[in-house]
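The structure appears right after this line, and notes come after that.
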Amino acid sequence: MKDVSVKLGERIVLDDVSFEVEKPLLIMVVGPNGAGKTTLMKLLLGMVKPFKGSVKVLGLNPFIESLKLRMLVGYVPQKDRVSYEVPLKVSEVVLMGILLRKRFPRAVSREDVESAKKALEYLGMRDYWDSQFNELSGGQQRRVLIARALASNPTILLLDEVFAGLDAESQEKLLDVFRMLKKNGRTIVLVEHEFDPVMELADRVLVLNRTVCVYGEPSNVLNEDVLKTIYPCVKTVEKEGRRMVILGDRHA
Amino acid sequence: MLDPFILKAILGVVFASFSSVISTLILLRGVLYITPEVSHAALGGAAIGVLIQTFLPWFVDPFLFVILFCIATSVFVSRMGKGGPQALGVMLSVSLAVSVMLYAVIRSYLPIDKRLAVDGYLVSDLLLISNSDLLSLAIASTLAIVVMTLFYREFLYICFDLETAEALGLRVGLYDSLLFAISAITVAVVAKTVGVLLSVTLLIIPAATSRFLTHSIGRMFITSFLIALISGLGGIALSFYLNVPTSGAIALASIVLFASVYLVKNRRI
C-alpha cells in the first residue's frame, strides 16, 4: 500500500497511508476510535476506493481484480455487523463462507460440507454443527465466524476487532486459535482497539490514526514516546516479564 | 359446493398469505418499518392506474401501477432509511400525503364505477374480488415467491451479515433492491386483498407472531404463512356469519392470534 488516501463523503479518513508486508505474518492494526482501522480493512478488500495512492494485495489490485482477490481472502467483521436476530444454524453460517464464493445457484456439495466441518473442527466447534448460532456465547460465535472465514482456505485472514467484549477465558481460547493459524503460515491482519491480548503474538504492529503513526516490530513500536503522539496519557508497564500498555485509564 | 364469491375470497387469502413469507424475510432484514410507507403508495398507484384506465380503456390492469408505485416507494424508502428514524418519519408523512392527495384529486375526476374501484384499495371487500383480480394476484404472488426461492441464500446472507456478503463479492445493492422490490409486490397483493388501511396487519402480524413461536428460519416461513392463512379464513368465516366487513374481520383475527401467542408465551416465562 503506497501513499493511499481515502475520503468518506467530504472527510479524509485515511491520509497518505503506506506500509508493506513481505511474508506471512500476524499484523496487528491498532488505533483510537475513528482512526480509519475498519476503512483500512475495507480498502484491502476493495470495498472502498482511494482517491490517491495504490493498493496491492497478494499482487492483485483489489479494485480491478476484486473477484480473484476475494477468493483468497477470509474476512471476520466486527460483532455488531452480524444480525443475531436471524436464526441461522452454525452449519449455515460456516457454509456461507464457502457458498458466497460460488456461482449461482450456490448449491451445497459434499466437499463444501466437509470443508465447513473441518474448519469448525479446527476451532474446536465441531460439536456445535447443528446448534443455533445466536444461542452460542460471544467467544463461541467469534470462533464460528473465524471458521466461516477459514472454510474456503484463504491465504489472508482479515479480522475486525474479534477480541472486543470477550471475557478472559474466551480471549485465551481465541489466542490459541491465532497461535495455530500462525503456525500454519497464514498472513493475518487483525484490527483491534486495544493492544492486549494480541500484542504478544503480533509480528508487526501498525499504529493508525488516519495515517500510519508507526509500523514495525512490537518491541520498537511499544515505546512510550512513540505512543504518546496518539495516546497522550499512555504508560507502558513491565509485569511478570510481559510488557503492558496502559492507554489513559484503560488497560490494553 | 362453495359459493363462488367465498371461493374467490379464499383464493385471494391464499395469495395474500404468501406475502407473509416475504414479510418474514423483511423482518429478518430489520426493515419491516418500510411496510406502512409502501402500503400508502399503493393507494396513489391505484388512483393513477384507474385514471389511466378510465381514459384509455385498453390499458392493462391498474394493479400494475399499484405494483410499480409500491416498488418505487420501497426502493426509495430503503435508501432513505439509512438516514435514520427522522428520515423515515418524514418519508411516512410524505408517502401518506402524496397518496392521499392523488387519491382525493383523481377520485373527483372519475365516474362513479371507477371511484368504487379506487375506494376498493382503501378498504377492500374480498367477497367482491373478480376473476381478473385473482389472476393478477396469482401472477404477482407467484413472481414474488419464485424470486425469493431463487435468491433465498443471497437474501439470507444480506439479512445475516451484509458486510461479509459484500466483502466476499456479493452484489449486495442489487440483491437488497430485489428484496425490497418483491416485498413491495407483496404489499401490493395484500393491499388489493384487504385494502391499504388494513394491509399492515396481514403483513406485519404473521411475521412477528412466527418469531415468538420458532427459532428456525424454515419454520418461521411456514408459521407466518399459516398464521396469515388462518387469519384470512377465520376473517372470511367471521364476516360470513356475523355480517361484518371481511377485511376488518381478517385484521381482527390476526390480532387475536398474535395476542393469544404473546400471552401464552409470556405466561410460560
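Coordinate-derived values only; no laboratory data. Predicted model, so just to flag it, every value in this text is computed and none were measured. Cβ: placed from backbone, ideal geometry, glycine included. Neighbour counts: every protein chain shown.
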Q.
For a quick check: sort A:193, B:40, B:215 by the number of other beta carbons within 10 angstrom, fewest at the front.
A. B:215, A:193, B:40
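Between residue B:149 and residue B:264, what is the FRET efficiency for a Förster distance of 25 Å, r being their Cβ-Cβ separation, to the nearest 0.05? The partial results should precede the final answer.
Working: r = 32 Å, r/R0 = 1.27.
FRET efficiency, residue B:149 to residue B:264: 0.20.
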**Q.** chain B, relative contact order [Cα under 8 Å, separation at least 6], %
**A.** 30 percent
Q. What average count of beta carbons from other chains do you get within 10 Å of the Cβ of residues in A:85-96?
A. 5
Q: Can you tell me the relative contact order of region A:85-154? Whole percent, Cα pairs under 8 Å, sequence separation 6 or more.
A: 50 percent
Q. So which GluC sites (Glu not before Pro) in region A:77-166 are both in a DSSP loop and have at most 14 other Cβ atoms within 10 Å of their Cβ?
A. A:85
Q | Residue exposure sequence - B:155, A:51, B:258, B:160 - by fewest surrounding Cβ within 10 Å | A | A:51, B:258, B:155, B:160
Q. In whole angstrom, how far apart do the alpha carbon centroids of region A:27-80 and region B:32-108 sit?
A. 40 Å
Q. At a Förster radius of 56 Å, what calculated FRET efficiency corresponds to the Cβ-Cβ distance of residue B:55 and residue A:130, to the nearest 0.05?
A. 0.40
(Q) Could you tell me the calculated FRET efficiency between residue A:22 and residue B:216, based on Cβ-Cβ distance and R0 = 45 angstrom, to the nearest 0.05? (A) 0.40
Q) Which lysines, on any chain, are close to residue A:37 with Cα under 18 Å apart, when same-chain ones fewer than 8 places away are left out? A) A:2, A:7, A:49, A:52, A:56, A:79
Q: Quantify how strongly other chains surround peptide A:43-52 by giving the mean number of their Cβ atoms within 10 Å of each of its Cβ atoms.
A: 1
Q. Using a basic spin-label model with each label point 7 Å from the Cα along Cα→Cβ, how many nm lie between residue A:200 and residue A:179?
A. 0.8 nm
Q: Averaging sequence separations of C-alpha pairs under 8 Å and six or more residues apart, then dividing by the length of region B:13-103, give the relative contact order as a whole percent.
A: 35 percent
Q: Could you please rank A:81, A:210, placing first whichever residue has the fewest other Cβ atoms within 10 Å of its Cβ?
A: A:81, A:210
